[in-house]
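**Student:** Sharing a structure, written as structure tokens. Questions coming.
The values are calculated or read from the model by the stated rules, or taken from the named source; none is laboratory data. Every value quoted in this text rests on a predicted model; they were computed, and no experiment measured them. In this analysis, Cβ positions are derived from the backbone assuming ideal geometry, glycine residues included, and neighbour counts consider all displayed protein chains.
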Amino acid sequence: MKNAGKSFKKNEARKKWFQLKTRISWNTYINKRKQANRICPQKKGKWLSNKIIQIEENHRRNETKKFFEGIRNFKQQIILPIICKDAEDNVISQTDLILARWKDYFCKILNTSEAIDIQNIVKECTNNQSQIPLQSYNEICSIINKLKLNKAAHSDNILPELLKHGGRTLKQKLY
């Protein structure tokens, strides 16, 4: 409330300057505007801190819907880099060349020999699958009943609500 008065005083000083057009009214308005502009970053920082604390509190309370709503409302626009260096350390500034450079960079990183090692690990895991006992029908039902609602679908695009409310027939088919 204390800071809101400064903004109000700034607006009043501006109106007075428009009416009188004197050097004193101009200086008064400039001083009030500087005071108000000093307060804005402080208020923004305080608002930002409160918003982050609120999102963290929603996460701590396991209120996932409010947590993700807070993040969705809080997201800022993604800004693409204006310049970057190519493979020979030359600076490039054209958007299409920058995007092509990032594409090459990530293709190089993601297409390494480590992917082969991961595939070998997956093969070993599938060979050892016979050692893992299968779940009973009751275990499958209890797992499905424990699913949380309002969650995003996985890569198979099956929502937890669909499984949970699918009924006995669906649970038998899954089993």
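**Student:** At pLDDT 85 or above and within 30 Å of the chain's Cα centre (by Cα): is that true of LYS148 in this structure?
**Tutor:** For LYS148, the condition - at pLDDT 85 or above and within 30 Å of the chain's Cα centre (by Cα) - is met.
**Student:** So, one more: Are there any pairs with C-beta distances below 7 angstrom linking a residue in segment 54-73 that is among the basic types (Lys, Arg) to a residue that is at pLDDT 90 or above, with the two at least 6 apart or on different chains, and if so which?
**Tutor:** LYS66/ASN58
**Student:** Would you confirm whether any residue within segment 20-41 is closer than 30 Å to ASN150 by Cα and either modelled with pLDDT of 85 or more or part of a helix (DSSP H, G or I) (or both)?
**Tutor:** The answer is no; no qualifying residue exists.
**Student:** A follow-up question, please. Which members of segment 94-135 meet the condition of being at pLDDT 75 or above, in a helix (DSSP H, G or I) and either surrounded by 10 or more Cβ atoms within 10 Å (Cβ to Cβ) or assigned by TED's automatic domain parsing to the domain that holds LYS164 (or both)?
**Tutor:** Hits for segment 94-135 are THR95, LEU97, ILE98, LEU99, ALA100, ARG101, TRP102, LYS103, ASP104, TYR105, PHE106, LYS108.
**Student:** For segment 136-175, which positions are loosely packed, with under 13 Cβ neighbours inside 10 Å and part of a helix (DSSP H, G or I)?
**Tutor:** Matches in segment 136-175: TYR137, ASN138, GLU139, SER142, ASN145, LEU162, GLY167, ARG168, THR169, GLN172, LYS173.
**Student:** When you go through ASN50, ASN62 one by one, which is the residue that is exposed (fewer than 12 other Cβ atoms within 10 Å of the Cβ), outside any helix (DSSP H, G or I) and not assigned by TED's automatic domain parsing to the domain that holds ALA152?
**Tutor:** Result of the check over ASN50, ASN62: ASN62.
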